[in-house]
Structures are given as structure tokens and as C-alpha cells.
Amino acid sequence: MLKGITPGEALQIVLEHTPLLGSERIAVSQARGRVLAEGIRSTRRLPPCDNSAMDGYAVRSADLVGASAEHPVTLEVIGEIPAGGVAQRSLQAGEAARVLTGAPIPAGSDAVVMQEDTAREGDRVKVRAAPEPRAHVRDAGSDVDLGALVLEPGTRIEPAEIGMLASLGRSVVAVHQRPRVAILSGGDELVEPDQDPAGDRIVASNSYSIAAQCREVGAEPTYLGIARDTPDDIERRLRAGLHADVIVSSAGVSVGDRDYVRGVLEKLGCSLLFWGVKMKPGYPLTFGRFEAGRGPLVFGLPGNPVSAMVTFEQFVRPALRKMAGRRALFRPTVRARLAEGLHKETGRLHFVRVNLEREGDEIVARSTGNQSSGVLSSMLLARGLLIFPAESSELRAGDSATVQILDEDFLAAPTPAFS
């Protein structure tokens, strides 16, 4: 087992051991945010036939050469074709067919004249414009041709993809499974939120934060409860989580006399790959996996609430996204100007909780205050995590730094892109 490795080394190990989950078939209407586990080829053309892009008249462009407002050309109207209708016969020289938007144009026609460029007089229409061939015509297959690969495996399904799947007649689609995450809290000092915290006991809030982080990334959390500080109770609860794809344990992975989780995991057949990551908050992080994929990935997160949330962000979240088939695994980042100086000892990378504000074209980052790993209120105020490099001891006011965006609403534009 490796000890005291860098965050980059830890992340590489985690992702190297993170599998891509299998597939399941679900309704297209429920597939938003999921990742395709199959390629989608078109079994039809879109549009299925040449059709009109607007209300007007299907014509033969050769009949209207030289037509203008001063010299209109009169054509005989042979009928009207609505969207979803069928042309009764081909268009002959000197004829036009009234068409509505989306209606198939009859054989023999090669253009559509906008209604605004015509004047109807009974069974005849005066055309005041000379259209180019294919004007205002949507050609069959111009959107999607028969047999085309429309969506590749690994595509994230969003509203446009759902619309395309429906257009192609797909009501069910194969997607990668959602990761199942079993969450364990540990410690005799912990109680559930609705229990009496008398005697300086602590509410087990980490399990709630971690479950929420799982749901935010699309995973399915299951709570294993609070394990008491005995190997037997820890083992019983961990065994209940072996069905999951990931076990996340909060606390009990450090080096204290009553931190039994590591020993129990090894007894169950889990190989621990590293313990301790050179970062703050979150040094006492453990990661392991069962041999030959016969069990879940295991993350032992620190017990302090901020440490648990930050280590989840940096390591568990990317792993869950990879399992679910996502290609982009990490939070978006921005460059921000520091509103104040920051100091630390060299040797560990720090994730500094910061608030973010826009000042003109700049983003300004300001510490949320007390950076203790037990101050959960600092996460309430944090719109991002500023990366304070391990080798640096000082960032001065005015310096530029990289910030991971936690509150993605911050990236939403405050004003529209048009006026």
C-alpha cells in the first residue's frame, strides 16, 4: 500500500481501477443525463420526403424564369397538400400546388414560392418572384440519411438527443448503469439527526452530504447506517454494502486505536492501494478494490465534514462519472484574481474554499474565512475550490489562480447574450 502520495498520483490510481459499468435499457423519455451504451443508426430518412419549408406554392422553377412584381406569372393551382398529406399527381408545366409547411411537394416540382410572393385568384395564382431550384425545399434525408450513425456510444443524452431518438422511432435505448454507492458512517460518538445529541455526541451529517453528492452526479446511494467502534459491527455493515459498485466510508480509516475499517476491509478481501494524500483538507484518504473486480471500489474518506466533501469531489465524483460512461470527468475551472493574500507551508496541495464575484471581465476569488476541515459553514459559502499548489507557500493579492467551480450557477450568464 502506498502512503503519502500526491493528489495527482492518487487520482491516477483511482481512475486506473475504475471500471465502466454495464448497460440497461430504459425509456427514452427517462434518459436525460444518461450515457449511451450503444450506437444509434438511422432506420429512416429525416425528413422522409422532399417537403416544403414554409407555406406557399410548389412550382417548377423553369416556369417562373423572369417572374417579378412587375411581370408576374400566372399558374393553375391543381390542389392543396397539408403537412402529412399526399400529392395526388405530378406537377406539369404551368401548374402549381398549394403546400403548407412540412407538406410533401409533388413530383415534378423543384421549388416552393413563399405565400407572400403570390396572389391567389380562384384556381389560379399569380407568382411575383423567380425562385432558384430547390428554394424553400427540405430534401429527403438532408437532416439524417438512412443508415447514418447519428449518435455514438458514450454520448450524453440531453434534450436534443432525446428529440432525435424520438424522431428515429426509438422509445427505448441502452444506457450505462447508474453507479450504486453504499455509504457507511462510523463512530460511537455519532447519532442520527433525529436522535438526542446529549453528552457532546455528534450528528452524522457526512452521510447526508455524501448521499447528496452521489445524487448530484447521478449515482444511487444506499445508507448502511452508523457502525459502532467494534470490528464486528463494522464488518456486518460493510458486508451489506458488498452488492454496490462503490463503498464510501466516512471516518474510521485513520491511524487511531479504534479505527478498524481498514482491517475489516482487508479481512473481506479488499486490497488497499493507498492511504494518505498530500492535500489539505483530506490527508487521511484510503482507496482500495477487491481482486478481479469481485467487489466494489472502496473509498475511506476522512471524518471531518469538509474533508469528506472535498475528497469526494476530487476522487469519488470523477470515478462515479467514469463508471456511468461520462467522458468529461471533472468540474469546470476558471482563472480568478485573488482579493487577498494566502499563506501556507509547502508540501501539500490546498483546496481553499472561496466565494466568487464578477468585477467587469474578471472573476475575483475571496476566502470563505476559517479553513478548518471541521467548519462546514465554509462549504455553504464556497462557490469554488481554489488550487493552492503544493510547492507554493504564498499567493499574493492580485495573483491569478485556478478555481474549480462547485456552484455551476455561477457560470450562468447574468444578462442575456442578445438585446
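Key figures
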| item | result |
| --- | --- |
| Cα convex hull volume per residue for the stretch 139-261 (Å³) | 141 Å³ |
| Prolate/oblate/rounded label for the stretch 360-402 (Cα gyration tensor, a/c 1.5) | oblate |
| Gyration tensor verdict on the stretch 193-343 (Cα atoms; rounded if a/c is under 1.5, prolate if a/b is larger than b/c, oblate otherwise) | oblate |
| Simple label model, 7 Å out from Cα along Cβ direction - LEU146 to PHE330, nm | 4.7 nm |
| Sequence-distant lysines (8 or more away, or on other chains) whose Cα lies within less than 26 Å of LYS280 | LYS3, LYS322, LYS344 |
| Over the stretch 19-152, equivalent-ellipsoid semi-axes from the Cα gyration tensor in Å | 41, 13, 12 |
| The chain, dipole about Cα centre (Lys/Arg Cβ +1, Asp/Glu Cβ -1), debye to the nearest 20 | 920 debye |
| Contour minus Cα-Cα distance for GLU345 and THR74 (0.36 nm per residue) | 88.9 nm |
| Neighbour-limited loop hits for trypsin sites (Lys or Arg not before Pro), the stretch 326-383 (at most 16 other Cβ within 10 Å; DSSP other than H, G, I, E, B) | ARG327 |
| Percent carbon-and-sulfur accessible area, the stretch 33-135, ignoring ligands, DNA and RNA, probe 1.4 Å | 47 percent |
| nm² value of the averaged projected area, convex hull over the Cα atoms of the chain | 28.9 nm² |
| Packing-based order for 119-126, 230-237, using average beta carbon neighbours within 10 Å, highest first | 230-237, 119-126 |
| Under the Debye formula (equal points on every Cα, no solvent term), log10 I(q)/I(0) of the stretch 281-419 at q = 0.14, 0.15, 0.18 Å⁻¹ | -0.73, -0.82, -1.09 |
| Residue-averaged [θ]222 nm for the chain, counting only DSSP H segments that reach four residues, each worth -39500 (n - 2.57) | -4500 deg cm²/dmol |
| Cα-Cα separations in the stretch 260-346 greater than 22 Å, expressed as whole percent | 41 percent |
| Relative contact order for the chain, counting Cα pairs under 8 Å that sit 6 or more residues apart, in percent | 16 percent |
| Zone residues, the stretch 182-199, relative to LEU268, backbone N less than 17 Å from point 7 Å out along Cα-to-Cβ | 182-187 |
| Residues of the stretch 125-245: accessible area per residue with a 1.4 Å probe, Å² | 49 Å² |
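The values are calculated or read from the model by the stated rules, or taken from the named source; none is laboratory data. As the structure is a computational prediction, the values presented were derived from the model and not from experiment. We place every Cβ from the backbone using ideal geometry, glycine too, and count neighbours over all the protein chains shown. Ligands, DNA and RNA are stripped out before the accessible areas are found, and what is left, the full protein with its side chains, is counted by its heavy atoms. Shrake-Rupley method; radii C 1.70, N 1.55, O 1.52, S 1.80 Å.
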